[in-house]
1. If the cut-off is a Cα-Cα distance under 28 Å, which lysines reach residue 182, setting aside same-chain residues fewer than 8 apart in sequence?
2. Given a Förster radius of 22 Å and the C-beta distance between residue 151 and residue 60 as r, what FRET efficiency does 1/(1 + (r/R0)^6) yield to the nearest 0.05?
3. Calculate I(q)/I(0) for the range 1-120 by the Debye formula, one identical point scatterer on each C-alpha and no solvent, and give its log10 at q = 0.11, 0.13, 0.20, 0.22 Å⁻¹ to two decimals.
4. Suppose the chain between residue 10 and residue 133 were pulled fully straight at 0.36 nm per residue; how much longer would it get relative to their current alpha carbon spacing?
Amino acid sequence: MRVVIAEDTALMREGLTALVERFGHAVTAVDDAPRLLRAVDAAPPDVVITDIRMPPDNTDDGFRAALAIRSRHPAVGILMLSQFLGDSYATRLLHEPAAGGVGYLLKDRVGRVADFMHSLELVAGGGVVIDPKVIQRSIAGRPGTLASLSTREREVLARMAAGDTNQQIAAALHISDGAVVKHIGNIFVKLGVQPEDGNRRVLAVLTYLRSTAPEG
């Protein structure tokens, strides 16, 4: 894959670069939002890894750059990194129509190398992945339209949003693969996601995120 990394902290930027290159991917690394936009415009990568807060304003410059990339290069995957639990950035980015995947991970997730690289590949392939800690807080805070789901179905949907495969969900919840398939089928039915809708797994995750997003 071709990856652009945008991170203003030198140690984090160099660590991410070394990690991604170790898995055989080509990396361009930058340290602020304007350079991120120029790098992507010059040669659109498969996926961008960007911090949300970075120069020049040190607010949400990385997120605003991600929105611009989503508009200009809709096939590019966006994996956002943050120190904060809030999921409104992921929800807003997902509302932008595009073919590329979206991810929102807390920075401490990077230390779990296998999980992080799985998330990166998932986003590059057009998938959606949200940090489990963010998901857990969302579930506790506001069930929204997920009220029709059973407790187990919510657990399965949360694992789906975290990017887990059916096999990983089964192992994490100590249930059979067949039970996972059954629960996912029930989730699709209860959320009104039809077979003709395309990637039903991603659409279910989108419904989940919209339902758990903070009001206002």
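Derivation of every value follows stated rules applied to the coordinates shown; laboratory data play no part. Just so you know, these numbers come straight off a predicted model, no measurement behind them. Backbone-built Cβ (ideal geometry, glycine too); neighbour counts: all protein chains shown.
1. Cross-link targets: 133, 190.
2. 0.05
3. Here the Debye-derived log intensity ratios amount to -0.30, -0.42, -1.10, -1.39.
4. Details: separation 123, 0.36 × 123 = 44.28 nm, distance 2.58 nm.
So the extension gain works out to 41.7 nm.
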